[in-house]
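One structure is given below, encoded as structure tokens.
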Amino acid sequence: MSAQDGDHQSDAEADAETDGGGEMPKPHTVRLELVDEPGQLLAALQPIADNGGNLLSIFHERGNLTPRGHIPVEVDLECPPDRFEGIVDALRDAGVNVIRAGAEHFGEEVTLILVGDLVDSDLSDTLHRVEASADATVKDLSLSAPDGTQEPSSARLRLAARSGKTEDALAVVREIAAEKELHVIEPLTEESA
């Protein structure tokens, strides 16, 4: 084997690692909403595979529902950056509701409780504003209204924030809660202990 053959082999190995496009695969997170029907998860994963995505993890929250009554699913995948937009487009073309698609992973989680007239103050609006204003997403929501929707209720929120942005996300929640006259019960953090 000549030195040239050795160089050619390392080029081929490099192409295999980068999927032939010259760019190393990067992690991406896609948040989906699926209808609770057999085969929906498989149908949502097929466009990812068909467009060169490699699945890293799937978090399927079957016991929880989004405000629209669908099942939230978070898919971590990797692919060369130039393929990610095609994967998202293929998901949408397949009729999959893509809630969020991005290269950054939400690395920190915090659970808090909102108490007050959540229904009258439009809980859906509160959740949308949190996600629009903070570097966070609502991963889980549990609403408790034991005395009916006309009385004060409570909601447990599990927020996933970008690394280093948890305190910023909590500040947004506090601001929205103060505006809507809601109380926020926050977890103790290591800094405050």
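The values are calculated or read from the model by the stated rules, or taken from the named source; none is laboratory data. Here the structure is a predicted model, which means the values were calculated and not measured. A quick note on method: Cβ atoms are made from the backbone with ideal geometry, for glycine too, and the neighbour counts reach across all protein chains shown. All accessible areas refer to the heavy atoms of the entire protein, side chains included, with ligands and DNA or RNA removed. Shrake-Rupley method; radii C 1.70, N 1.55, O 1.52, S 1.80 Å.
Of the residues in segment 101-123, not one is part of a helix (DSSP H, G or I) and open to solvent by 60 Å² or more (accessible area, probe 1.4 Å). Going by the structure shown, is Thr149 exposed (fewer than 15 other Cβ atoms within 10 Å of the Cβ) and β-branched (Val, Ile, Thr)? Here the answer is yes, as Thr149 does meet what is asked. Scanning segment 26-40 for residues that are of a type in the set (A, V, I, L, M, F, W, C) and open to solvent by 50 Å² or more (accessible area, probe 1.4 Å) returns a single hit, Val35. The numbered conditions (1) open to solvent by less than 60 Å² (accessible area, probe 1.4 Å); (2) modelled with pLDDT under 85; (3) not in a strand (DSSP E or B) are all true for His128 except (1). Name every residue in segment 60-83 that is modelled with pLDDT under 85 and either assigned to a strand (DSSP E or B) or charged (D, E, K, R) (or both), in order of residue number. His60, Glu61, Arg62, Arg68, listed by residue number. Is one or more of the residues making up segment 84-95 more than 18 Å from the chain's Cα centre (by Cα), open to solvent by less than 60 Å² (accessible area, probe 1.4 Å) and modelled with pLDDT under 90? For segment 84-95, residues more than 18 Å from the chain's Cα centre (by Cα), open to solvent by less than 60 Å² (accessible area, probe 1.4 Å) and modelled with pLDDT under 90: absent.
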